[in-house]
Amino acid sequence: MMKKVSNLFLSHIYFIGQFIALSIFYLKLVKDQFQKKVIKIGFVLVLLTLGIQYGLKPEMFLKFNLYEIFITSFLLIIYAVFHFYNMLDEKKEFYFINMGILLYLFASTILFLIGNLTAKFSKDFNLITWTLNAGLVIVYHLFFLYEWKVSYSRTKTINSN
């Protein structure tokens, strides 16, 4: 007989890891000092509040943390909007990656925030939510792939003379 073990703690690693990686990405990308300051302050405050939350209530590490999902995703959406705003006057650097991040974060945040609610419904309904999220992840990565293709892929042309 198999014993069920919760892997929900992995979601915390995912959300915090994504937040750290994309915060660093946007910190390197933006040039405006105010925007850099917002990213640095947001970075510290989010990690500090999450650290305090998990320190005071370690049992939260085994639950779906809606605060963590919302705050990490919300700030990353703000950073992505900063970058879109900056691209109005600057080079369209990482345009498709930024578009993928924004699209994925908006949609997946909503799906994750209703995750606790859908868990109370039928397994079929719950499966639709997670299948939709899996599709979003694929679209997210396709944006990365397309950015690589248009910005960094070296295509060779063969002359047929």
task = For the range 74-96, enumerate the residues that are within 14 Å of Lys31 (Cα to Cα), among the aliphatic types (A, V, I, L, M) and open to solvent by less than 20 Å² (accessible area, probe 1.4 Å).
result = Ala80, Met87
request  = Working carefully through the options Gln35, Gln18, find the one that is within 20 Å of Leu105 (Cα to Cα), of a type outside the set (Ser, Thr, Tyr) and more than 18 Å from the chain's Cα centre (by Cα).
outcome  = Gln35
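So which residues in the range 133-153 are open to solvent by 90 Å² or more (accessible area, probe 1.4 Å) and at pLDDT below 90, if there are any at all?
Within the range 133-153, just Tyr152 meets the criteria.
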ask   = Can you tell me how many residues in the range 1-38 are open to solvent by 60 Å² or more (accessible area, probe 1.4 Å), assigned to a helix (DSSP H, G or I) and not aliphatic (A, V, I, L, M)?
value = 6
ask   = Does at least one position in the range 54-61 carry a residue that is surrounded by 11 or more Cβ atoms within 10 Å (Cβ to Cβ) and either within 29 Å of Trp148 (Cα to Cα) or among the aliphatic types (A, V, I, L, M) (or both)?
value = yes
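The values are calculated or read from the model by the stated rules, or taken from the named source; none is laboratory data. Source: prediction; values computed, not measured. We place every Cβ from the backbone using ideal geometry, glycine too, and count neighbours over all the protein chains shown. Heavy atoms of the whole protein, side chains included, go into the accessibility calculation; ligands, DNA and RNA do not. Shrake-Rupley method; radii C 1.70, N 1.55, O 1.52, S 1.80 Å.
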